[in-house]
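Everything below concerns the one structure shown next.
The values are calculated or read from the model by the stated rules, or taken from the named source; none is laboratory data. Just so we're clear, the structure is a prediction, and the values are computed from it rather than from any experiment. All Cβ positions, glycine included, derive from the backbone under ideal geometry; neighbour counts span all protein chains shown.
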Ligand code: A3P
């Protein structure tokens with residue numbers, strides 16, 4: 001495993017204990033080794049493959065369950081129903097092991113476009129990128145990282161986290177660069193761009209859009225069944241999807257709503273963030289609902 005580096009942020013530090021490593025200039029979890037990254041990026045893919053991708057805390061687990069149900073690939077638990085080869089914490093097998101998996105293979109990645117599994121620029125795999133408004137991502141990520149060993153159980157406090165997030169110094173790097181790297185490719189045949197807020201607002205039509213993209217036929221009864229199964233309350237309590245650890249603790253399901261940043265951001269932080277958002281998103285054509 002790669003050595004954990006300390007954050008080279010002016011404020012950094014021993015105080016927060018945040019762990020990461022730099023990979024091609026991006027802040028990444030230490031468990032993404034040169035080897036696991038290279039084998040994920042160079043993985044030979046098939047036209048039947050599906051890879052869901054996101055910046056962390058954007059509804060990845062929600063999308064994962066939708067895909068597992070749509071493709072009828074349910075195994076013992078949600079986590080074992082797909083493969084996440086980019087980190088040596090989540091996958092220890094070889095490309096040969098992956099070649100033996102039945103179609104459609106479902107993969108997960110948390111990488112920007114140019115670093116993703118299978119190299120999307122030349123891969124026949126179908127990629128689905130889910131994005132969420134960055135204020136909710138920042139908030140959700142803060143509560144998540146405090147419980148994760150691979151982040152050193154970040155305990156630097158909210159204000160420091162906010163600074164790190166807007167400077168792109170948290171694992172998976174700058175939110176804007178990450179999301180825009182996929183947004184710019186949204187017209188590519190093997191890329192579908194989905195928003196968390198749209199899934200919240202128009203679940204049925206978003207589900208049908210995903211199914212269409214994958215050439216999977218769904219009828220109204222299936223839509224209803226999937227909608228009920230992947231509801232926040234069901235996913236949080238259901239043993240299959242709750243991703244609870246041995247103590248029964250689950251950290252993937254917190255509030256599950258749009259706008260929880262309002263309980264977290266100060267007025268000043270909102271102002272700083274909004275100004276940055278306006279600059280970075282100008283002329284991109286991409287916008288998010290924040291409430
Ligand atoms: P909050 O922390 O705001 O509650 P990821 O899976 O990418 O780690 O994202 C986790 C976020 O998605 C958490 O956000 C979690 O509550 C939310 N989430 C997970 N399952 C959901 C569902 N079925 N419906 C709505 N939100 C969900």
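For (1) within 15 Å of the ligand (Cβ to nearest atom); (2) in contact with a helix residue (DSSP H, G or I) (Cβ under 6 Å, 6 or more places away or on another chain); (3) in a loop (DSSP other than H, G, I, E, B); (4) at pLDDT 95 or above, each residue gets a yes or a no:
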| residue | (1), (2), (3), (4) |
| --- | --- |
| 127 | no, yes, no, yes |
| 137 | yes, no, no, yes |
| 142 | yes, yes, no, yes |
| 162 | no, yes, no, yes |
| 168 | no, no, yes, yes |
Subject >> Residues that are part of a loop (DSSP other than H, G, I, E, B) and touching a residue at least 40 places away in the same chain (Cβ under 8 Å), drawn from region 193-238 >> reply: 214, 216, 218, 230
**OP:** Check residue 154 against each of (1) touching a strand residue (DSSP E or B) at 6+ places or on another chain (Cβ under 9 Å); (2) modelled with pLDDT of 95 or more; (3) part of a loop (DSSP other than H, G, I, E, B) and name the one condition it does not meet.
**Re:** (2)
Original post:
Taking residue 241, is it in contact with a helix residue (DSSP H, G or I) (Cβ under 9 Å, 6 or more places away or on another chain) and at pLDDT below 95?
Top reply: yes
Original post:
What number of residues within region 278-291 satisfy the criterion of being in contact with a helix residue (DSSP H, G or I) (Cβ under 7 Å, 6 or more places away or on another chain) and surrounded by 14 or more Cβ atoms within 10 Å (Cβ to Cβ)?
Top reply: 5
Original post:
Taking the stated definitions as given, is residue 115 more than 15 Å from the ligand (Cβ to nearest atom), at pLDDT 95 or above and either on the phi < 0 side of the Ramachandran plot or surrounded by fewer than 23 Cβ atoms within 10 Å (Cβ to Cβ) (or both)?
Top reply: yes
Original post:
Is region 147-157 home to any residue that is within 12 Å of the ligand (Cβ to nearest atom) and under 18 Å from the mean Cα position of the chain (by Cα)?
Top reply: yes
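Table: residues versus (1) more than 26 Å from residue 46 (Cβ to Cβ); (2) in contact with a strand residue (DSSP E or B) (Cβ under 7 Å, 6 or more places away or on another chain); (3) within 14 Å of the ligand (Cβ to nearest atom).
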residue: 188; (1), (2), (3): no, no, no
residue: 192; (1), (2), (3): no, yes, no
residue: 205; (1), (2), (3): yes, no, no
residue: 239; (1), (2), (3): yes, no, no
residue: 264; (1), (2), (3): yes, no, yes
residue: 269; (1), (2), (3): yes, no, no
residue: 274; (1), (2), (3): yes, no, no
residue: 279; (1), (2), (3): yes, no, no
Original post:
Can you find a residue in region 239-249 that is in a helix (DSSP H, G or I), buried (at least 19 other Cβ atoms within 10 Å of the Cβ) and touching a residue at least 60 places away in the same chain (Cβ under 8 Å)?
Top reply: no
Original post:
Only one of (1) under 30 Å from residue 214 (Cα atoms); (2) outside any loop (DSSP other than H, G, I, E, B); (3) over 13 Å from the mean Cα position of the chain (by Cα) fails for residue 187. Which number is that?
Top reply: (2)
**OP:** Please tell me if residue 201 is surrounded by 12 or more Cβ atoms within 10 Å (Cβ to Cβ), under 25 Å from residue 79 (Cβ atoms) and within 21 Å of the chain's Cα centre (by Cα).
**Re:** no
**OP:** Would you be able to tell me the number of residues in region 82-92 that are closer than 22 Å to residue 190 by Cα and within 14 Å of the ligand (Cβ to nearest atom)?
**Re:** 2
